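Have a look at the structure below before the remarks.
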Amino acid sequence: MLTPLQIQVERGGELIDTIERLLRRLPDGRIGAEYMGLVYPLSGPAEINLETTWCYPSEAPICLEPPELPSARARKWHLEELSSRSYLLLNGSAEYLDRVVTALQSARIEIEHWGPSFREDAFGRLHDWFIRLPAAIEETFRKWEIDQILAGVSEADEPKLHLPLADQLTRTQRLLEALLRRQAEAERQLAEALANADAQGAANREFASQAKDRERHLQTEVAFLRASVSAALSPTTSSTSDADPHLPRLLEELESERDDALARWALADDELQRHQAELRELTARLEELKLAPQNAPALNRRTRQRSLEELETTLRVLLPDVRLLRGSAEFVITEVEDRRDLYSKLRALSHDPTSLRGKRVHTADGWLEVHFSTGRGRDGRMYFKRMTIDGAACWAILVSDKAAQTSDISWLGGQ
C-alpha cells in the first residue's frame, strides 16, 4: 500500500508549509513531491525547496515502490562495473570532479581517464562526469571503502542543489537529446503503423468496391431471373412445362451468393473502421509524446548481453576471419556511438587487407594500428595482427581508445 510522506516546503531558507504527498520520480531519476501543481526534487530526507528546478506531474510518475530517499550523506556517485573496465559516474561541478580525482589518487586508486559523461548508466540515468577505473577495482576497493574515501569531498562553499549555469545547460542538453531520440523512435514506429494502416485501408477499400460491384451484378441477375420465372408461370404461356426446371435452384444459389458477398463487404467495412480507430489512437499517442516525452528505456544487463551476442553473431556470419580480443565487443557496444567507420575498416581488413594502411606498433611484434571515429572524435584505436586461433588463420582485433593506449600496447607485447 502506498503511504504519503510528510514533507516540509521551504522558500528562501524559510519553512512556508507542511504537506503529505506520495513520492514521484522526476525525468532525471531524482525523487520529488508535488506542490501547487508542480513537482520539486527532495532537498533532504523530507524537504522540498521551491527555488530549485521543477517539472509537471505528467512527467513525474508516482513511485509504486518505496524509493531510496536522500540523506545527509547521499551519494553523488555511482559505480558501474563492466567486463573490460569500471566507471565511477559523478554529479556536480568541474571543481567537485577535480576533488574526487585527487581523493582517489591519494588513496592510490589507479585512474585511466576522466571527462564529461554522454551516455546513460545501467538504470537509464544521466551523469555529469565519468572516471574510468581498472576492471578489477572491486578486488582492491569495495564500494563502502570508496564511500569512505569520498565522504569528505564536497562542493566547497557551494549549495548542492545550485549547480553552475554551464553544468545545468550541459545536463539539460543531454536530457533533451535523450528525449529527442525517444521521440524520433516513436515517430518512426508511428510512420510504420500509418503505412501499414494505409495499405490495409487501401486493400479494404478495394475489396469493398469489388463486393459492391458483385452485389450490383447479382441483383441484376436476380431481377432478370425473377422476370423469367414470372413470364414462365404467366397464364399467357402456352405451357408451364416449358419453363426451365433449374431456374428456382439457380435463383436460390444467386441469392445465397449475394448474401455471402454482402457479409464479406460488412466484414471488410468493420476491418476498415478498426484500422481507422488504431490510426487515430497512434496519432493521439504521438501528440502525447511531443508534449511530454519520457526518458529512454534503461539499458540493463540482459540488454547489454543481447547486444554482445548480436555483435558476435554478425561478425561471425559476415566477417568469419575476424576475432575480437580482450573486451573489444564490450567496448564497441558501450563506447562507440557511431560504428560505421569501425565496421568499414573491419570489412576492408577482411576483404582487402592491403587497402588498410596501418602503422606498426613498435613494442608489439607484428601488430598494426589504425585510428577510427567513435562518433565523438577520432580517438578510437584498432590494433590487428594475422594469427592462428583455435587452429584457424584469422585477424586478431583489439578495439579500444587513445586513453587506454599505454595499457593496451603493453598487453599486445605479450601476445
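The values are calculated or read from the model by the stated rules, or taken from the named source; none is laboratory data. These numbers were taken from a predicted model, which means no experiment stands behind them. For neighbour counting, all protein chains shown are included, and Cβ atoms are generated from backbone atoms with ideal geometry for every residue, glycine included.
Looking at segment 385-406, which of its residues are over 28 Å from GLY115 (Cα atoms) and of a type outside the set (Val, Ile, Thr)? Walk me through it before giving the result.
Residues of segment 385-406 that are over 28 Å from GLY115 (Cα atoms), as a first pass: 385-396.
Selection gives LYS385, ARG386, MET387, ASP390, GLY391, ALA392, ALA393, CYS394, TRP395, ALA396.
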Could you please find all residues in segment 365-415 being part of a loop (DSSP other than H, G, I, E, B) and either under 35 Å from the mean Cα position of the chain (by Cα) or farther than 15 Å from LEU325 by Cα (or both)?
ASP365, GLY366, SER373, THR374, GLY375, ARG376, GLY377, ARG378, ASP379, GLY391
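Return a yes/no flag: does segment 353-360 have any residue that is assigned to a strand (DSSP E or B) and in contact (Cβ under 8 Å) with a residue 12 or more places away in the chain.
Initial filter on segment 353-360 (assigned to a strand (DSSP E or B)): 359-360.
Applying the additional criterion that residues be in contact (Cβ under 8 Å) with a residue 12 or more places away in the chain yields none.
No, segment 353-360 contains no residue that is assigned to a strand (DSSP E or B) and in contact (Cβ under 8 Å) with a residue 12 or more places away in the chain.
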It is to be established whether one or more residues within segment 180-199 are farther than 27 Å from GLN276 by Cβ, at pLDDT 80 or above and part of a helix (DSSP H, G or I).
yes
Quick one: count up the residues across segment 47-88 that are at pLDDT 80 or above and of a type in the set (A, V, I, L, M).
6
Restricting attention to segment 395-414, which residues are closer than 26 Å to LEU318 by Cα and either among the small types (Gly, Ala, Ser) or without any contact (Cβ under 8 Å) to a residue 60 or more places away in the chain (or both)?
ALA396, SER400, LEU412
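Assess whether GLU120 counts as being charged (D, E, K, R) and at pLDDT below 85. Can you show your working first?
On the way: charged (D, E, K, R): yes; at pLDDT below 85: yes.
So GLU120 passes the test.
With respect to VAL336, is the statement that it is aliphatic (A, V, I, L, M) and under 22 Å from GLU312 (Cα atoms) true? Can you show your working first?
Values: aliphatic (A, V, I, L, M): yes; under 22 Å from GLU312 (Cα atoms): yes.
Yes, satisfied.
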Within the group GLY358, GLY391, which residue is exposed (fewer than 15 other Cβ atoms within 10 Å of the Cβ) and over 22 Å from ARG304 (Cβ atoms)?
GLY391
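Assess whether LEU225 counts as being surrounded by 14 or more Cβ atoms within 10 Å (Cβ to Cβ), of a type in the set (A, V, I, L, M) and free of Cβ contacts under 8 Å to residues at least 40 places away in the same chain. Walk me through how you get there before you give the answer.
Values: surrounded by 14 or more Cβ atoms within 10 Å (Cβ to Cβ): yes; of a type in the set (A, V, I, L, M): yes; free of Cβ contacts under 8 Å to residues at least 40 places away in the same chain: yes.
In short, yes.
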Going by the conditions given, is ALA184 loosely packed, with under 12 Cβ neighbours inside 10 Å and under 27 Å from the mean Cα position of the chain (by Cα)?
yes
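Quick check on segment 1-54: of everything there that is in a loop (DSSP other than H, G, I, E, B) and touching an Asp or Glu at 6+ places or on another chain (Cβ under 6 Å), which residue is surrounded by the most Cβ atoms within 10 Å (Cβ to Cβ)?
To start, the set of residues in segment 1-54 that are in a loop (DSSP other than H, G, I, E, B) comprises 1-4, 12-13, 22-23, 26-30, 36-37, 45-46, 50-54.
This time we only want the ones that are touching an Asp or Glu at 6+ places or on another chain (Cβ under 6 Å), so: 4, 27.
Values: PRO4: 11, PRO27: 18.
Top of the filtered list is PRO27.
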What about TYR343, is it within 30 Å of the chain's Cα centre (by Cα), assigned by TED's automatic domain parsing to the domain that holds SER407 and hydroxyl-bearing (Ser, Thr, Tyr)?
yes
Those residues that are among the basic types (Lys, Arg) and over 19 Å from PHE130 (Cβ atoms), I need them from segment 382-408; list them, please.
LYS385, ARG386
